[in-house]
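Please treat every number below as a calculation from the coordinates, not as lab data. From a predicted model like this one, the values you see are computed outputs, not experimental measurements. For neighbour counting, all protein chains shown are included, and Cβ atoms are generated from backbone atoms with ideal geometry for every residue, glycine included.
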Amino acid sequence: MWFGIIALIYLRGDLQMNNPLQTIYEEHHAKNRGENFSLLEKERGEIFSLMIGEGKKVLDIGCRDGALTKYIVKGNHVVGVDIDAISLARARENFDMETRIVDLNGSWDEIAGEFFDAIVAGEILEHLYYPEKVILRIVRHLKPKGVFMGSVPNAFSLKHRLRYLLGRKRFTPLEDLTHINHFSFQELRAILSRQFYDVKIIGLGRFSFLSKMLPSLIAFDFIFVAKSPR
């Protein structure tokens with residue numbers, strides 16, 4: 001308990017507590033997410049673990065309390081970054097990983113000069129003001145044969161489109177007010193392909209077979225794997 005409190009004080013002091021976005025996300029996570037919350041955790045975690053393997057240096061951006069990081073931390077040197085200091089304190093206490101407070105919309109000075117075999121962004125791009133600028137930064141922090149992987153909600157599945165047609169945003173990605181960007185299959189592929197030669201997108205959802213066969217219409221979530229930076 002005392003370790004967690006001391007770590008939290010240290011982390012908060014490191015950011016100087018002058019970023020209102022930090023307060024927004026700490027309150028949002030505490031109220032709407034809770035500890036160890038992760039959508040499609042097992043499905044996403046197993047794919048990330050398989051793609052990364054072991055013996056790698058990994059940057060997990062937006063890792064929160066490590067609910068998904070636990071699938072990739074074994075055998076790897078993981079650096080977890082987030083703007084939520086409270087969740088980062090839990091991640092550092094529960095897992096063998098470094099944690100740093102980073103505003104992904106900011107300068108990334110906290111990881112300047114570091115390069116990674118893999119960078120993971122699970123349910124992150126939809127929270128960013130300028131996701132393409134962040135992808136450019138990710139490319140700059142990847143090793144030459146590095147891989148960028150992550151996931152985003154499918155904001156334009158057939159089910160969501162019908163709800164939008166009826167003027168409803170409940171049970172859609174629009175319901176989460178921290179989602180400030182929304183991706184279709186085509187748009188996600190386009191922004192990744194501008195920075196990577198090799199892009200693969202997998203549809204995940206309740207109907208696994210259909211989600212993979214018709215990801216743009218059926219999938220609840222998209223997992224992406226991007227290699228060979230341009």
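A few comments on the model shown:
- Two-decimal ratio, the chain, of alpha-carbon radius of gyration to 2.2 N^0.38 Å: 0.99
- Most mobile listed residue (Asp117, Asp103, Asp198) in the chain, GNM with C-alpha springs under 10 Å: Asp198
- Net +/- balance of residues flanking Glu54 in space, Cβ distance below 11 Å, scoring K and R +1, D and E -1: +1
- Crossing angle, helix 2-15 versus the chain [Cα axis fit, 0-90 degrees, rounded to tens]: 80 degrees
- Rounded to the nearest 10 degrees, the angle from helix 85-94 to the longest Cα principal axis of the chain is 80 degrees.
- Dipole-positive endmost among Val79, Phe48, Tyr25 within region 2-229 (Cβ charges, Cα centre): Phe48
- Residue order, fewest to most surrounding Cβ atoms within 10 angstrom, among Tyr197, Tyr164: Tyr197, Tyr164
- Among beta bridges that DSSP assigns inside region 2-229, antiparallel share in %, nearest 5: 45 percent
- Those lysines that a straight Cα-Cα span of less than 23 Å connects to Lys56, excepting residues fewer than 8 apart in one chain: Lys42, Lys70, Lys74, Lys143, Lys145, Lys200, Lys227
- For the chain, built as a Gaussian network whose Cα springs stay under 10 Å, the top-fluctuating residue of Gln186, Gln195, Gln22: Gln186
- Anchor Lys169: lysines whose Cα lies under 21 Å away (excluding residues fewer than 8 positions away in-chain): Lys31, Lys159
- Dipole magnitude of region 123-201, debye to nearest 20 (Cβ charges: Lys/Arg +1, Asp/Glu -1, about Cα centre): 100 debye
- The charge dipole of the chain, taken about the Cα centre with unit charges on the Cβ atoms of Lys, Arg (+1) and Asp, Glu (-1), comes to about 920 debye, rounded to the nearest 20.
- Look at Ser151, Ser211, Ser216 and count the other Cβ atoms within 10 Å of each Cβ; fewest to most, that gives Ser216, Ser211, Ser151.
- Cleavage-rule hits (GluC sites (Glu not before Pro)) in region 81-131: DSSP loop, at most 12 neighbouring Cβ within 10 angstrom: Glu114
- Other residues with beta-carbon under 14 Å from the beta-carbon of His141 carry, at +1 per Lys or Arg and -1 per Asp or Glu, a net charge of +3.
- Region 81-122 shape via C-alpha gyration tensor axes, a/c threshold 1.5: oblate
- Counting charges near Asn94 (Lys, Arg +1; Asp, Glu -1) among other residues having Cβ under 11 Å from its Cβ returns a value of -1.
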